[in-house]
Amino acid sequence: MAQRLLFTREERRETIEVVAQLRKLLQGSLHPDDEGNLRQHLRSALANDLLPRDVFGLNPVLHGFQTAQIAVEEIGLRRDGVLAILLYGSVIQGFVSIDEIERSYGSSVAQIIRGIVRIQELYKKNPVIESENFRNLLLSFAEDMRVILIMIADRVNLMRQIRDTDNEEAKLRVSEEASYLYAPLAHKLGLYKLKSELEDLSLKYLEHDAYYMIKEKLNATKKSRDAYIERFIRPIDEKLCAAGLHFHMKGRTKSIHSIWQKMKKQKCGFEGIYDLFAIRIIIDSPTIAQGVNQSAEELKKLHTVELMQCWQVYSIITDMYQPNPKRLRDWLSVPKSNGYESLHITVLGPEQKWVEVQIRTERMDDIAERGLAAHWRYKGVKGSEGGMDDWLNSIRSALEAGDDLQVMDTFKMDLYEDEVFVFTPRGDLLKFPKGATVLDFAYHIHSKVGNQCTGARINNKVVTFRQQLQSGDQVEIMTSSTQKPKQDWLNVVKTSRAKAKIRLALKETQIKDGLYAKETLQRRLKNRKIELDESIMNHVIKKLGFKLTSEFYKQLAEGALEVNDVIDKYIELRDYEQNPSAQQQPVRSADEYEFESPNEEMTRGNDDVLVIDRNLKGVDYQLAKCCHPIYGDDVFGFVTVSGGIKIHRTDCPNAPELRKRFGYRVVRARWSGKGSSQYSITLRIIGNDDLGIVNNLTSVISKEEKIVMRSINIDSNDGLFSGHVTVMLDDTSRLEALIKKLRTIKGIKQVTRV
């Protein structure tokens, strides 16, 4: 049994004081029976030894009341937040359930405690708190924003109390969390005072010597610094008033943490910090916000007035004090991409001291403080993507409005409905789109891990690699050296990164298997003393119905094709091409080869339907001999001098001149119906003058259905041949297929339509 909690005299006195202050602050907020129920609950928990001191030896009851006081005074939380702070310890210790809390104190208190408990579960996974993703997961798990506000208040209170603790390890851990996690959150929420306190205290505990060095120097110079600022702004105030400007000024000294960060960044001593203090001049100018219902022209004029007034202030100040041109930051002429507008100058004031002056209007100041470019954005604290900043800014506005935070009851975390955050075994936090699977996680870690992934342990439970990830999961990938990526894995993963890696792995596997299959085929051919001819093998591959050679070798590797069957097909085709039964011709060179078909009367039929102009059919026409159009070509009609119509291809060499000089005689035309007409087409062929090249050409053409060769005329010179082949065919689809096949013949370099 844990040691019973006993209050020291000092703790009892402090508790009574804090409770009295809270009672006064919460007057009218608590329900009539809240205080009695809470007192009874705490007494019962204490009697059962369920409220132990923490690792720092702090009294949990006193600590809870102190945290509640900070939450009320500095943040503005009320009844529900205070009760949640004082009760969640009992829930975590198992003394009372969340359902019992809901029955006694309401659903809102229970909801806050539920969020705190969920976050405590996250901490058990030893997360890397420096991660931006952990902050986002924290927010998504909290659901109710008051959970985050309570955590910030609790961390501020804890940092205040641990100054003299002996537990240095725990002290350093909570200080690092305050610096990396809670201070940026407080800054985003506009809790500047708490943010600065968290940063300064974390610096005090983490870098003790630096903190006290800066503090002593600031204390030593405070009176003289305040007096200097007064001397600096007095003449500025007089000059601006004389110019008829309405404005107000703010003076500020940088926090200890901010000064230290600047010293490290600039690698200089305390005395080398230019802007140890800064002056902000805010002009009470007619703002664009006041002109929402005005025209665009009027809004432009208002903005022009703002700029003129800012530059007027700049002119007055630089007339009085020498500016440093290297330190001028003009975000008036060209605002930052996030909307920030201001003019920053550094001037040499009295006693040769540099002072930073920021000049802006009320509207610009409002945007800088709570809009797109709030202070944390342009100081380098990275904001998250999407709606997070807008959501947090709306909460900032609620805090500053001082409306008892009633609006907090409506805040729900739905920003991450499209994202999930999961832990690695080391506590690193990764972000994935909703629906992502274990396989996505594996490929995010490494391609090899993804390729060999067989499943995972999620929260120590074994699952398949198809299991979808949920926020807060801790994932450990299981692999096997025999596992290989498969095509259907592309349907399992959600992220483009994983898909790309799977496709790459599949391609590499296919290439590797294809090379192995090709080597196997070549070895079998060699064993049977058969010489491999690539052109014949390509013909075999196409005869087997493969468009891609890689697909052929893939199926060969997978065993879908039998190697011996392929070799038999190869032998059959090789023997046919070398000794075609239809043509008992000797194999010969292409030198001066000529062939004319005995049937010279094969001409175009007249049953293909051509529509002239918009809808004229049956009009007599002729096919132009300059471009030889056939069915399927894009064509147009040209009215000749005699009144007849000639049909040209749209890419006819004469088409540009006809359109330019006789555009009024050009009519539209298109093919409408297919009959049995055949057309004479001439192809120009260039290639190597190898033995058997003519036989190969004529063999390919003769095997094509509904294509008849009319003539072939070829000349040879220096090992190359060029010639023309004329064939009769139906349409462009057969022509394109023929050209494609001729180009695959070994030795053929070019096949073009004349």
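Quick notes on this structure:
- Restricting attention to the range 718-737, the residues that are touching a residue at least 40 places away in the same chain (Cβ under 8 Å) and under 20 Å from residue 633 (Cα atoms) total 10.
- Yes/no for residue 222 being within 30 Å of residue 78 (Cα to Cα) and either free of Cβ contacts under 8 Å to residues at least 40 places away in the same chain or in contact with a Phe, Trp or Tyr (Cβ under 6 Å, 6 or more places away or on another chain) (or both): no
- Restricting the range 95-150 to residues that are part of a loop (DSSP other than H, G, I, E, B) and among the β-branched types (Val, Ile, Thr), the residue that is modelled with the lowest pLDDT is 128.
Condition check ((1) open to solvent by 60 Å² or more (accessible area, probe 1.4 Å); (2) modelled with pLDDT under 75; (3) in a loop (DSSP other than H, G, I, E, B); (4) in contact with a Pro (Cβ under 9 Å, 6 or more places away or on another chain)) across all residues:
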| position | (1), (2), (3), (4) |
| --- | --- |
| 248 | yes, no, no, no |
| 259 | no, no, no, no |
| 263 | no, no, no, no |
| 281 | no, no, no, no |
| 289 | yes, yes, no, no |
| 293 | yes, yes, yes, no |
| 309 | no, no, no, no |
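- The residues on offer are 6, 50, and the sole one that is open to solvent by 30 Å² or more (accessible area, probe 1.4 Å), out of contact with any helix residue (DSSP H, G or I) (no Cβ under 8 Å at 6 or more places or on another chain) and not in a helix (DSSP H, G or I) is 6.
- Matching residues, the range 689-722, being open to solvent by 50 Å² or more (accessible area, probe 1.4 Å) and of a type in the set (S, T, N, Q): 702, 713, 717
- Scope the range 651-684; condition β-branched (Val, Ile, Thr) and within 26 Å of residue 710 (Cα to Cα); matching residues: 681, 682
The rows are residues; the columns are (1) among the aromatic types (Phe, Trp, Tyr); (2) under 28 Å from residue 723 (Cβ atoms); (3) at pLDDT 80 or above; (4) open to solvent by less than 70 Å² (accessible area, probe 1.4 Å).
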site	(1), (2), (3), (4)
587	no, yes, no, no
606	no, no, no, no
618	no, no, no, no
632	no, yes, yes, yes
639	no, no, yes, yes
645	no, no, yes, yes
649	no, yes, yes, yes
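- The one condition from (1) under 26 Å from residue 741 (Cβ atoms); (2) under 55 Å from the mean Cα position of the chain (by Cα); (3) exposed (fewer than 14 other Cβ atoms within 10 Å of the Cβ) that residue 653 does not meet is (1).
- Taken over the range 717-754, the criterion of being of a type in the set (A, V, I, L, M) and at positive phi is satisfied by no residue.
- Counting the residues of the range 723-754 that are of a type in the set (Asp, Glu) and surrounded by fewer than 19 Cβ atoms within 10 Å (Cβ to Cβ) gives 2.
The values are calculated or read from the model by the stated rules, or taken from the named source; none is laboratory data. This structure is a prediction, so every number in the text was calculated from the model and none was measured. We place every Cβ from the backbone using ideal geometry, glycine too, and count neighbours over all the protein chains shown. Note: areas computed on protein heavy atoms with side chains; ligands, DNA, RNA excluded. Shrake-Rupley method; radii C 1.70, N 1.55, O 1.52, S 1.80 Å.
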